[in-house]
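Worksheet for the structure shown next.
The values are calculated or read from the model by the stated rules, or taken from the named source; none is laboratory data. This one's a predicted model, so the numbers in the text were calculated from it and none came from an experiment. Cβ sites come from the backbone with ideal geometry, for glycine too, and all protein chains shown count toward neighbours. These accessible areas exclude ligands, DNA and RNA; they are computed on the full protein's heavy atoms, side chains included. Shrake-Rupley method; radii C 1.70, N 1.55, O 1.52, S 1.80 Å.
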Amino acid sequence: MPQLAFANSFWESYDVLEKPVKAGVRKAMRKFQQLTVPELQADKGLHLESVEKARDPRMRTIRINDFWRGVVLAPDDGSDVFLLVNVVRHDDAYTWAAKRLYTTNAATRALEVRNVVAIEQLTPQLEKAAAAAGSLLFARYSDTVLRELGLDDQVLRAVRTVIDKPQLEAFGTLLPEDQFEVLQYLAEEFSPEEVYRDVVAVRRPVAAGPDPDESLATAIANTTSRITLVTGPEELAGILEKPFAAWRVFLHPSQRRVAHRVSYGGPVQVTGGPGTGKTVAALHRVQHLLGRSPHTRVLLTTYTNALAASLRENLALLLDGDEHLLERVDVTTVSSYAHGVVSRLDGKAPSPVGDREERQLWQRVVRKLGLPWTEQFLAQEYRHVVLAQDLRTLDDYRAASRRGRGTSLSPGRREQLWPAVELFESMLRDRQGTTYLKVCARAAELLAASTPTHDHVVVDEAQDLHPVQWRVLRGAVAPGNDDLFITGDPHQRIYDSKVSLGSLGIAVTGRTHRLRLNYRSTEEILTWSTGLLSPVTVEDLGGDGNDTLAGYRSLLHGRRPHVTGYGSEQEEVAALVARVRDWVAQGIRPSEIGVCARFNVLLDKAYDKLGAAGVPVVRVRDNPGRDVDGVRLATMHAMKGLEFRCVAVLGVTAGAVPFGREVTPASVDALQHESDLLRERCLLFVACTRAREALAVSWSGAGSPFLPR
């Protein structure tokens, strides 16, 4: 019986197919495990046929249904291994297959694919442009060096035309995989010796002879990073039910340089815009740290429970479900970790109050003391000054810096305000309660007087952590080499937590890295979304200056965002239903569509109308699993960490974004007013950058002043 193998290009195409087409694929695949090779060739239902004018004579197509065909690489050397490489619409299948050529890499001995026709057509044009260029990206490397790293004659000729890294990345979709990765490493200034060690040597078979074995079966066996060989019917059935998820743990060389560096001399900080792979880098850093010692314990932490669950799932994927490795990693939020520390060391579990109850307590404080400040101002003063600097007494408060606060307070005013802090904390004690940040403050205090709990701490979504949470993390690991690995994006700061890491004993000077290549969204979505932040400056992650999205780009292209206002909310929701139905008709699965708004009231209306139109729909807050079908509905805040092929952002009105109740009046505190407006801009930016392929932004009445004009 023939054997069946699957290329990653197949999983990418299969994962976005509609269910009936997937069923057709499964039916066709079963035939490869039921029939002999002659029977496969004779089967009229499968219709295994050659591709006219194919550059690779082994190329075949098979029938999935009347509208879809599979593209298969067939053995021509007497072996029985077939490689399924793609599933394509019927009219496009033959064109796609005719242009591809599969070859064996001379260095790694792995099977690679290239768009041979496109390379042949582009190279002469690029050679003309290169002749006029002042410098070329790979001029320093000889042909001999590049050939030793696996480059063949066609790629070598094309590579001699590359001027810079953006041109290389744009060319990359046409080039053979291992050869392109070698070039990426060289472009990131790895030495040829390092590239051979990290790319070639780890893939090259130990028993490889001087000349490559051109057998398809051998090349497939040497390409485990990109090809899955199926050994039996049960494995086939199981693997076809799993979504393709390799992209979530793919590492670009610029990320690998950061994540797999042998050691850092202290805390390291990695920043980058949405979709640049910060989380992927963090996960790979965890993998790297675990491999250094069989006893290493790592704390992998983030801001919300939903993000922690996602990290846990993706780490298990990266570590291939190895329970011995996974049990050495604690994946949790900072608040949950702090809660555990306090429960363990104090002997009792704290009981934090919710945001609403905390706000009500401040209202009572204002009424009881008759103070000239609003409860919002007092709550922010408590959060951003008292807790942030761990102030315990009036004397501490008198001497404290209030950097970032727009309302100056004289010593007399501070004396007038301090009783409000004491009364608030007294009210908490009376009800035997606390706040989440006070739990963190207690955990930091306990950790400072005890032994660190972990060998390394890896932090994702660091931009939303409060100074008191940073003190917790500082106490979780002893200062030293590789203590803290921090990733975040200040442009996605949606909870107004600003810090100076250096003042908290987390000095990252000389150990900062910025990622600029977006792997998620199209350039059109990226450019429009970045325009939401273009009028303002954003303070960097460590509080030592400003951050920028300059040079931030995507290599993907698609449709421009659809940005429209409507006369009424009913019209807006009706248009949403039509748009979602159109996306589904294009083959987008409902679960790959996200709909968000600032408030649940509008989401409830969208939920009802979508359901009435027969569109399956679920709420993100109900934690639907990956296998649950349905358009995902979430508030803008809950979109953090999520991504979808298509996203609709509703209700982007002047009254909702910015939301007046969340913005401090300029007359109360001018600096806080600007900070609140920036936070609101960042919230809209986060919501829009969840889209990979299509983005629709809408409102009824007056649109948000943040929308690009």
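Structure values in brief
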quantity	calculated
Contacts under 7 angstrom Cβ, first residue in segment 254-271 being closer than 14 Å to GLY488 by Cα, partner open to solvent by 30 Å² or more (accessible area, probe 1.4 Å) and among the polar types (S, T, N, Q), 6 or more apart	GLN269/THR512
Condition broken by LYS609, with the remaining ones in (1) open to solvent by 30 Å² or more (accessible area, probe 1.4 Å); (2) touching a His at 6+ places or on another chain (Cβ under 7 Å); (3) not small (Gly, Ala, Ser) satisfied	(2)
Spans of helices (runs of 4 or more DSSP H) in segment 281-367 with at least 2 residues of a type outside the set (A, V, I, L, M, F, W, C), modelled with pLDDT of 95 or more and over 22 Å from the mean Cα position of the chain (by Cα)	334-346
Unique match (being open to solvent by less than 10 Å² (accessible area, probe 1.4 Å) and farther than 28 Å from ASN305 by Cβ) among ALA462, ALA420	ALA420
In segment 410-453, the residues that are polar (S, T, N, Q), under 43 Å from the mean Cα position of the chain (by Cα) and assigned to a loop (DSSP other than H, G, I, E, B)	GLN432, THR435, SER450, THR451, THR453
Close pairs (6 angstrom Cβ cut-off, 6 or more residues apart or separate chains): closer than 15 Å to THR487 by Cα in segment 452-467, assigned to a strand (DSSP E or B) and among the β-branched types (Val, Ile, Thr) anywhere	HIS456/VAL298; VAL457/VAL477; VAL459/THR301; VAL459/ILE486; ASP460/THR302; ASP460/THR487; GLU461/THR302; ALA462/ILE486
So THR407, is it among the polar types (S, T, N, Q), in contact with a helix residue (DSSP H, G or I) (Cβ under 7 Å, 6 or more places away or on another chain) and touching a residue at least 40 places away in the same chain (Cβ under 8 Å)	no
Given (1) modelled with pLDDT of 95 or more; (2) of a type outside the set (A, V, I, L, M); (3) open to solvent by 30 Å² or more (accessible area, probe 1.4 Å), index of the condition ARG632 fails	(3)
VAL652 among the hydrophobic types (A, V, I, L, M, F, W, C), touching a residue at least 40 places away in the same chain (Cβ under 8 Å), surrounded by 15 or more Cβ atoms within 10 Å (Cβ to Cβ) and over 24 Å from ASP582 (Cα atoms)	no
Which numbered condition GLN179 misses (of (1) part of a helix (DSSP H, G or I); (2) open to solvent by 10 Å² or more (accessible area, probe 1.4 Å); (3) in contact with a strand residue (DSSP E or B) (Cβ under 9 Å, 6 or more places away or on another chain); (4) of a type outside the set (Val, Ile, Thr))	(2)
Hits in segment 591-605 (condition: at pLDDT 95 or above and either assigned to a helix (DSSP H, G or I) or on the phi > 0 side of the Ramachandran plot (or both))	ASN600, VAL601, LEU602, LEU603, ASP604, LYS605
Lone qualifier among ARG398, ARG392, ARG359 - being under 22 Å from THR664 (Cβ atoms) and either surrounded by fewer than 19 Cβ atoms within 10 Å (Cβ to Cβ) or in contact with a Cys (Cβ under 9 Å, 6 or more places away or on another chain) (or both)	ARG359
Helices (runs of 4 or more DSSP H) lying entirely in segment 1-106 (those with 3 or more residues that are farther than 30 Å from ARG204 by Cα and open to solvent by 60 Å² or more (accessible area, probe 1.4 Å))	19-32, 37-42, 90-99
Near pairs, Cβ below 9 angstrom, 6+ apart or cross-chain, from segment 106-135 (without any contact (Cβ under 8 Å) to a residue 60 or more places away in the chain) to any residue that is surrounded by fewer than 20 Cβ atoms within 10 Å (Cβ to Cβ) and of a type in the set (Ser, Thr, Tyr)	ASN115/THR173; ALA118/THR173
Total residues in segment 529-565, condition among the hydroxyl-bearing types (Ser, Thr, Tyr) and open to solvent by less than 50 Å² (accessible area, probe 1.4 Å)	5
Contacts under 6 angstrom Cβ, first residue in segment 187-212 being more than 19 Å from GLY172 (Cβ to Cβ) and touching a residue at least 40 places away in the same chain (Cβ under 8 Å), partner assigned to a loop (DSSP other than H, G, I, E, B) and open to solvent by 30 Å² or more (accessible area, probe 1.4 Å), 6 or more apart	PRO205/ASN222; PRO212/ALA106
Enumeration of residues in segment 500-516 that are basic (Lys, Arg) and open to solvent by 60 Å² or more (accessible area, probe 1.4 Å)	ARG514, ARG516
